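Worksheet for the structure shown next.
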Amino acid sequence: MRPRLTLAALALIPVLIGCGGSPAAPAATPAMQAAAAPARPAIATQAATRASVPPARGITPVNARLQADFEAFIDPLMARAMPAAHAPGAMVSVVSGGELVFAGGYGVADRDSGAAVDAQRTLFRVASISKLFTTTAVLQLVEQGRVRLDEDINRYLDVFQIPATFSRPITLADLLTHTAGFDPDQEDPEEDFVSAASLQPLGPFLKQHLPDRITAPGTQYSYSNYGMALVGYIVQHMSGVPFDDYMDANVLGPLGMTRSTFRQPPPGDLLASVAMGYQYHNGSYVPQPGVYFSDAPGGSLVTSALDIARF
């Protein structure tokens, strides 16, 4: 989906959000299986920090029985999975039936300092989970009648237009269902942005890296980071405010997600709380301190275990 993310701490993190009932149901996510590494044989687990945090909007106080059940399931799971996945740190959140039943940090956020992952304070980039938040933003505009799901997206673009390769235009519905028909081999340019100064504005970036259209829209599924970045740009253009500002004011802020951001780099004290990323290569862990992407709406969200439970 976004190969370059699998090598950094932002993709180390399995975020388990359960919506079922049984604590025996959760399973390791692809992010956990693709992650990168602890060098220490022992995995330090950290107790969840829910008690000191007010219940999130829409989430009732923690059920002590379910909390104990999930601890009994998740702790040994993480003790086995993290060494196998070479993951130095991880966070886990479980929401069941509208109730936060578990949130915890495992391992270390930084191998050099040995700082433990904290469920409330440590931030991880959650990669393509970001797309759910961007989708929420554009659906707000749909509800307000400012955009339509079945309209040609060229009506919502300004600095460039999508070529009319096929008779049927691309719609927001196509972008949200990954059926726009862009060439996947032309997505995700190889350059890794290692500093915020290297980032391009969203509109010019999308214009420069526009992939070819190779299938008629609505006919074939092909996972598309570019398509979701387009959705974020439409949110920005049609709302009249920068994408990051819109997300803060209309999605993250109303949910009380005060330790979450799409901004690159994260502002204020959030930056110091982001877990260090590592590339595991030939038995060594190479720090990857700054990974920024110009197609931010599809993957730049950083958040904590407790914050993401509010979504």
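The values are calculated or read from the model by the stated rules, or taken from the named source; none is laboratory data. No experiment lies behind these values; they were computed from the predicted model shown. Quick reminder, even Gly has a Cβ in these numbers, built from the backbone with ideal geometry, and neighbours come from all protein chains shown. Side chains are part of the model used for accessible areas, which takes the heavy atoms of the whole protein and leaves out ligands, DNA and RNA. Shrake-Rupley method; radii C 1.70, N 1.55, O 1.52, S 1.80 Å.
If you take the residues of the range 246-294 that are more than 20 Å from residue 197 (Cβ to Cβ) and of a type in the set (D, E, K, R), which of them is most open to solvent (accessible area, probe 1.4 Å)?
Filtering first and then ranking leaves 269.
Would the range 66-85 turn up any residue that is assigned to a loop (DSSP other than H, G, I, E, B) and either open to solvent by 50 Å² or more (accessible area, probe 1.4 Å) or not polar (S, T, N, Q) (or both)?
Within the range 66-85, not a single residue is assigned to a loop (DSSP other than H, G, I, E, B) and either open to solvent by 50 Å² or more (accessible area, probe 1.4 Å) or not polar (S, T, N, Q) (or both).
Listed residues 244, 185; which is assigned to a helix (DSSP H, G or I) and either basic (Lys, Arg) or over 17 Å from the mean Cα position of the chain (by Cα) (or both)?
None of the other options fit; the residue is 185.
State which residue is farthest from residue 262 (Cα to Cα) when the search covers only the range 109-134 and only residues that are of a type in the set (S, T, N, Q) and more than 12 Å from the chain's Cα centre (by Cα).
Among those that are of a type in the set (S, T, N, Q) and more than 12 Å from the chain's Cα centre (by Cα), it is 113.
May I ask you to say which residue of 214, 234, 162, 170 is open to solvent by 50 Å² or more (accessible area, probe 1.4 Å) and either more than 17 Å from residue 299 (Cα to Cα) or not aromatic (Phe, Trp, Tyr) (or both)?
214
Per-residue answers, yes or no, for (1) out of contact with any helix residue (DSSP H, G or I) (no Cβ under 6 Å at 6 or more places or on another chain); (2) in contact (Cβ under 8 Å) with a residue 40 or more places away in the chain; (3) in a helix (DSSP H, G or I):
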residue: 251; (1), (2), (3): no, yes, yes
residue: 258; (1), (2), (3): yes, yes, no
residue: 265; (1), (2), (3): no, yes, no
residue: 271; (1), (2), (3): yes, no, yes
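Of the residues 200, 140, which is under 19 Å from residue 261 (Cα atoms), not in a loop (DSSP other than H, G, I, E, B) and not hydrophobic (A, V, I, L, M, F, W, C)?
Just one listed residue meets the conditions, 140.
Can you say whether residue 100 is open to solvent by 10 Å² or more (accessible area, probe 1.4 Å), of a type outside the set (Ser, Thr, Tyr), modelled with pLDDT under 95 and within 19 Å of residue 307 (Cβ to Cβ), as far as the supplied structure shows?
Against the criterion (open to solvent by 10 Å² or more (accessible area, probe 1.4 Å), of a type outside the set (Ser, Thr, Tyr), modelled with pLDDT under 95 and within 19 Å of residue 307 (Cβ to Cβ)), residue 100 qualifies.
Only one of (1) under 30 Å from residue 71 (Cα atoms); (2) at pLDDT 95 or above is not met by residue 112, so which one is it?
So the condition that residue 112 fails would be (2).
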